[in-house]
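Have a look at the structure below, then the notes.
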Amino acid sequence: MCFAIANAQFYYDKHGECRGAYKDSLEHATLVNLAKRFHGPILVKKPIKGVKPRKNLKKIPENKIQRTFDVNRDSLRKELWLEVEKNEFVKICDDGPIVAWETSLNSSILNDSCLAFQAPIFAGVETLKIYFPEKDSVYNINLAIDLKYLNFKNEEALLGFNNEVVNNNLSSKEDPERLTSITGTFLVDKYPITNCEFTQLMLNRIPSKPSFTNSDRQEMAEKWAYRKKIFTQKNNCITHDSAACTIFLSQAMEYANARSIQEGLKPYYIFTSTDYQAPRILSNKQYIIAYFDFSIDDDKYVLVSVDPSSDGYRLPFYNEWMMFARGGDKKKTAPWGDTTATFEDASEYAIFGTHASRYEAEPVGQLKPNGFGLYDMFGLVWEHVLFENSNPFQILKERPSCLKGGSNHVRKKHIWYKAYREPYWKWINYGYSYPNYSSGAAKGFRLIRNIGNNAKWTEVKSK
């Protein structure tokens, strides 16, 4: 009976045995009766495209559990977000008896109040439902996989940077330090996007045998072809994979759209052809950027527009990145704002100069997070950051983006003959940005989402 209905949802008893299938949905009263009939909670499994349902579910052993959450009815009545890692084995327990759990994840019922599951291989959001005995009492638990849930309500944030900076950097006079207030709810990638994650979603865009006339582009494409081959064999991504550091701005935007579509969200970026031949910011969050692809040898430009109705993923704007990077620091006590900080202080949070190759970077998440729980905001890879409506910096000449956070090529000691591309580690601070002149520099990135509202910034008068 459990395999008779195509594309159906299946339900299992607390021992993991399949007890039936249905096409649409089960009413609350039906679930209550099933729970009574089979003497315990029911596990309703939502179908996954391309995955055949199992007749019986394997029990997830307690000794595999890596994280446990204890929730109660009061917390479930509000919007509840739980943060987990990719592939992690998690246990959720409620303080009362459960009628049914509903999820598409690899999961099993542990007892009358607890469910065990394995988090997905993708960073993103999953929602599971809990049904209680009372009539029509169903609640959602939102799982943020490799994401930080940040809810700001009139939160003070320090933006800008006052100290003088060097090496062809942006001028602090054009972006002076200022205190602002932010109200908004965000999901932010805990780590920079990894090579495996990018390969995972862009697999069909990466050629197995690239052919470029430009030798640098060819070498880069061959690296991606090799990663595609490895991923095809493993079909999985570990949480702390190596950070991607050869992603062009247009590719980062396309990845954001692909991740949105994967979660059933509306993509944020719209690409259209253009006659412009130089990067710039247009009005109403429109950008002209260089367009790079693994299968296109010639450079071209594209018009990128923002869909205001999108609920999907996007690159952070300049001020947002600055806020996330500070991690709530308003007193300059972090290594990036404290002028007395040492290299050892910074090395607790940032990896410097460990890779000679510009095509490779260290794994993400090896060191300490900042005050917001975000990893590798500095040191590991440069990150693509967009300007929202205007670019205040003369050196960037209306360019739509810059690079923030620092590079794995930054050294502890100054190397004279490489001074133009390998500065002192001290140069990497809140104010340090790298001009992305062509809007195409191949670097790294992380994504964010606004959840249910658009962030609102207000000026705070200095005291």
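Computed values, structure above
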| quantity | calculated |
| --- | --- |
| Residue check for Asn214: in the same structural domain as Tyr359 (by TED's automatic domain parsing), on the phi > 0 side of the Ramachandran plot and not acidic (Asp, Glu) | no |
| Identity of the residue in segment 435-463, crowded, with 20+ Cβ neighbours inside 10 Å and in a strand (DSSP E or B), that ends up modelled with the lowest pLDDT | Lys443 |
| Strands (runs of 3 or more DSSP E) completely within segment 286-396 that count 1 or more residues being surrounded by fewer than 22 Cβ atoms within 10 Å (Cβ to Cβ), at pLDDT below 95 and out of contact with any Gly (no Cβ under 7 Å at 6 or more places or on another chain) | 286-291, 300-306 |
| Top-ranked residue in segment 82-140 [being hydroxyl-bearing (Ser, Thr, Tyr) and under 21 Å from Gly264 (Cβ atoms); ranked as nearest to the chain's Cα centre (by Cα)] | Thr127 |
| Positions within segment 123-137 being in a loop (DSSP other than H, G, I, E, B) and among the polar types (S, T, N, Q), in sequence order | Ser137 |
| Matching residues, segment 175-216, being out of contact with any helix residue (DSSP H, G or I) (no Cβ under 9 Å at 6 or more places or on another chain), more than 26 Å from Lys368 (Cα to Cα) and either part of a helix (DSSP H, G or I) or at pLDDT 95 or above (or both) | Asn204, Ser215, Asp216 |
| Yes/no for Ile121 being more than 16 Å from Lys58 (Cβ to Cβ), touching a residue at least 24 places away in the same chain (Cβ under 8 Å) and in contact with a strand residue (DSSP E or B) (Cβ under 7 Å, 6 or more places away or on another chain) | no |
| Some residue of segment 256-277 being in a strand (DSSP E or B), assigned by TED's automatic domain parsing to the domain that holds Ile395 and under 18 Å from Trp224 (Cβ atoms) | no |
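The values are calculated or read from the model by the stated rules, or taken from the named source; none is laboratory data. Owing to the predicted nature of the structure, the values given are computational and were not obtained by experimental measurement. FYI the Cβ positions are ideal-geometry reconstructions off the backbone, even for glycines, and counts take in every protein chain you see.
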